[in-house]
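Chemist: My questions will all concern the structure given below.
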2 protein chains.
Amino acid sequence: MTRARTRPRKSPSQPRSERTVEAIVEATARILETQGLSGFNTNAVADKAGVSVGSLYQYFPNKDALVVALSTRERALLGVALGEAARQAASLPLEGALRRLAHTAIHRQLARPDLARVLDFEEQRLVLEEPDRALTRDIAGNVATLLRRYRAVIQVADLEAAAYDLIAIARALIDAAVLRGQVEPVALEGRVTRAALGYLTGRANVAS
Amino acid sequence: MTRARTRPRKSPSQPRSERTVEAIVEATARILETQGLSGFNTNAVADKAGVSVGSLYQYFPNKDALVVALSTRERALLGVALGEAARQAASLPLEGALRRLAHTAIHRQLARPDLARVLDFEEQRLVLEEPDRALTRDIAGNVATLLRRYRAVIQVADLEAAAYDLIAIARALIDAAVLRGQVEPVALEGRVTRAALGYLTGRANVAS
DNA sequence: AGTCAATACGAGTAATTACTCACATCATGT
DNA sequence: ACATGATGTGAGTAATTACTCGTATTGACT
């Protein structure tokens, strides 16, 4: 029972094939954000990319691999932006740092809001089907590192878990905002920041 | 282009058919929590329910209707529990009230954690495909009503939206906890309560 | 006992779609 | 020019599965 691969082929590369892979990943994004899940099939992706299905399967072993590649690309962009934000936030108090992170994440997700929402969903599906798949590990690691600097003011012991929770909160609030069409970035940033700050520093503990 | 129905048939009812419908809904639950999405097909549900596919389609117009029915059943249970909790919390300060709600929601979701997670996911899918589908409207309404009592201490203006956001936060944190296997109810309750309280009362507003 | 509507059956169908493979074309080194 | 590996093609296949429909059974009422 060998676990199915999701990112195997595409070993050799001439510049030509690089462009093909790029086109396929971007076609996946465009299909997902314009047609949604129901329009997302490999033939449609190949068409949109201007290549044949055969070429698609030369570089991606199965349909999920498309989602993984796209997710990886988008998460990398987010990761870079968050890294930059974290450096800038180095001297800020916790609230300011969280706000910067929230601001950055919101900015990136709202750049292509429909894509963000569908992709979040697809990532959830992948994790549901294969729980150890680590799609947000890098980002969570970076967030955890940042959190460690504020250990003194944070009530939560497990900062790794806290990082994942903060990501889940941000995701939930951003996706909900997109769904409602309430995408005023500043207000949204405030909501995310307050929830995160409450999670980390609130002193609502055991009492009943 | 008439919108597809999701809960149409089953008009007439002898006691026999009631039991059939019950069996089908519960079979859906058991399939989802034991086999996950990949095992969820109408033949499997019919088998598990001990009825034929034909009978299934006598009462449910399509596969999604199964999910809607199950979701409705589970949300009703949660709704009743939350209503009770809200009454008991009537005299408590906001934090205590939120804690009671969190406690109740967690208790119910952890009763069948795997089902809760897959069902949350399926609900997301339904909303993604049909944005105006209102699966949590009743619960959100109840939460909003409760929030109105605390208007004085809440920073957020739109309490309807806040209710949806709080539900999204709770969902995200509970599902994340189930995924990680960290289901200590008390700690989880604390996390949800702190995030909710921060969201509502935090004074992280506009500053940059 | 007989009628009839409600309920149940489940083999079959039609549609979708992920994926393959035998073949074509390209581009690079000689 | 030509050889050769890399890259591209897309009609076809196989598997899955939601859903139908003609038929069978049940049970309530007379």
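The values are calculated or read from the model by the stated rules, or taken from the named source; none is laboratory data. Values in this document were obtained by computation on a predicted structure and should not be read as measured data. Glycine also receives a Cβ, built like all others from the backbone with ideal geometry; neighbour counts cover every protein chain displayed. Surface accessibility is based on the protein's heavy atoms, side chains included, excluding ligands, DNA and RNA. Shrake-Rupley method; radii C 1.70, N 1.55, O 1.52, S 1.80 Å.
Chemist: Output the relative contact order of chain B, whole-number percent, from Cα pairs under 8 angstrom with separation of 6+ residues.
Modeler: Numbers: 183 pairs, mean separation 42.2, N = 208.
Reported as a whole number, the value is 20 percent.
Chemist: Does anything in the range A:109-146 have its amide N under 16 Å from the 7 Å Cα→Cβ label point of A:E26, and if so which residues?
Modeler: Flagged as within label range: A:112.
Chemist: Relative to the longest principal axis of chain B, what angle (0 to 90°, nearest 10) does the C-alpha long axis of helix B:15-35 take?
Modeler: 60 degrees
Chemist: Continuing with this model, one more query. Net charge around B:A144, counting only other residues with Cβ within less than 15 Å of its Cβ (Lys, Arg = +1; Asp, Glu = -1)?
Modeler: Numbers: positive: A:R180, B:R137, B:R148, B:R149, B:R151; negative: B:D138, B:D158, B:E160, B:D165.
Net charge in that neighbourhood comes out at +1.
Chemist: Run the reach check for A:K48 against aspartates and glutamates, Cα to Cα strictly under 20 Å, same-chain hits fewer than 8 apart removed. What comes back?
Modeler: Within the straight-line cut-off, A:K48 pairs with A:E18, A:E22, A:E26, A:E33, A:D64, A:E74, A:D114, A:E122.
Chemist: Considering only chain B, pick the residue with its Cβ nearest the axis of the rotation onto chain A, and state the distance in whole Å.
Modeler: B:G198, 1
Chemist: Among A:G79, A:G54, A:G198, determine the one that fluctuates most according to a GNM of chain A built with springs between C-alpha atoms less than 10 Å apart.
Modeler: Of A:G79, A:G54, A:G198, the most mobile in the Gaussian network model is A:G54.
Chemist: While we're here: Within the set of other residues whose C-beta is less than 15 Å from the C-beta of A:V156, count the net charge using Lys and Arg as +1 and Asp and Glu as -1. Mind dumping the intermediate values first?
Modeler: Details: positive: A:R148, A:R149, A:R151, A:R203, B:R180, B:R191, B:R194; negative: A:D158, A:E160, A:D165, B:E184, B:E189.
My count for the surroundings of A:V156 gives +2.
Chemist: Say R0 is 25 Å: what FRET efficiency, to the nearest 0.05, do A:E129 and A:L77 get from their beta-carbon distance?
Modeler: Numbers: r = 25 Å, r/R0 = 0.98.
Once the sixth-power term is evaluated, E becomes 0.55.
Chemist: Defining the label point at 7 Å along Cα→Cβ, can you sort the distances from A:S52 to the same site in each other copy, shortest first, in nm?
Modeler: For A:S52, the inter-copy label distances come out at 4.6 nm.
Chemist: I'd like the Karplus ³J(HN,Hα) series for the range B:109-123: coefficients 6.51, -1.76, 1.60, θ = phi - 60°, whole numbers in Hz, and an x wherever there's a Gly or Pro.
Modeler: 5, 7, 4, 9, x, 5, 4, 4, 5, 5, 5, 3, 4, 5, 4
Chemist: Which whole number gives the average, over all residues in A:164-177, of C-beta atoms from other chains lying within 10 Å of the residue C-beta?
Modeler: Values: counts 5, 11, 1, 2, 11, 10, 1, 3, 11, 7, 1, 5, 8, 4.
For peptide A:164-177, the averaged partner shielding equals 6.
Chemist: Using a probe of 1.4 angstrom, how much of the accessible area of the protein assembly as shown is carbon and sulfur, in percent? Walk me through the intermediate numbers first.
Modeler: On the way: 10340 of 20090 Å².
For the protein assembly as shown, the apolar C and S fraction of the accessible surface comes to 51 percent.
Chemist: A further question on this structure: Picking from B:R194, B:R180, B:R151, which is most flexible by a Gaussian network model of chain B using Cα springs under 10 Å?
Modeler: Highest fluctuation among the options: B:R180.
Chemist: Let me check I've understood the local charge: for A:E122, count other residues with C-beta under 12 angstrom from its C-beta, Lys and Arg +1, Asp and Glu -1. What total comes out?
Modeler: Working: positive: A:K63, A:R117, A:R125, A:R133, B:R125; negative: A:E33, A:D64, A:E74, A:D120, A:E123, A:E129.
Cβ neighbours under 12 Å give a net charge of -1.
Chemist: Compute, for the range A:43-187, the length of the dipole vector about the Cα centre, with Cβ point charges of +1 (Lys, Arg) and -1 (Asp, Glu) only. Units Debye, rounded to 20. Could the numbers behind the result be given before it?
Modeler: On the way: 18 positive and 18 negative charges, 93 e Å.
So the magnitude is around 440 debye.
Chemist: Still on this structure: Taking θ as phi - 60°, what are the ³J(HN,Hα) couplings along the range B:62-73 by the Karplus curve (6.51, -1.76, 1.60), each to the nearest whole Hz, with x for Gly and Pro?
Modeler: 6, 4, 4, 4, 4, 5, 4, 5, 5, 4, 4, 4
Chemist: Considering only C-alpha atoms, what is the centroid distance from the range B:154-202 to the range B:91-143, in Å?
Modeler: 10 Å
Chemist: How well do other chains shield peptide A:122-135, expressed as the mean number of their Cβ atoms within 10 Å of each residue Cβ? Intermediate results must be reported in sequence, preceding the final value.
Modeler: Working: counts 0, 0, 7, 4, 0, 3, 9, 3, 0, 3, 0, 0, 0, 0.
Per-residue shielding by partner chains comes out at 2.
Chemist: Taking both sides together, what accessible area is buried at the A/B interface, probe 1.4 Å, expressed in Å² and rounded to the nearest 100?
Modeler: Working: alone 11720 and 11720 Å², together 20090 Å².
That pair hides around 3300 Å² of surface in total.
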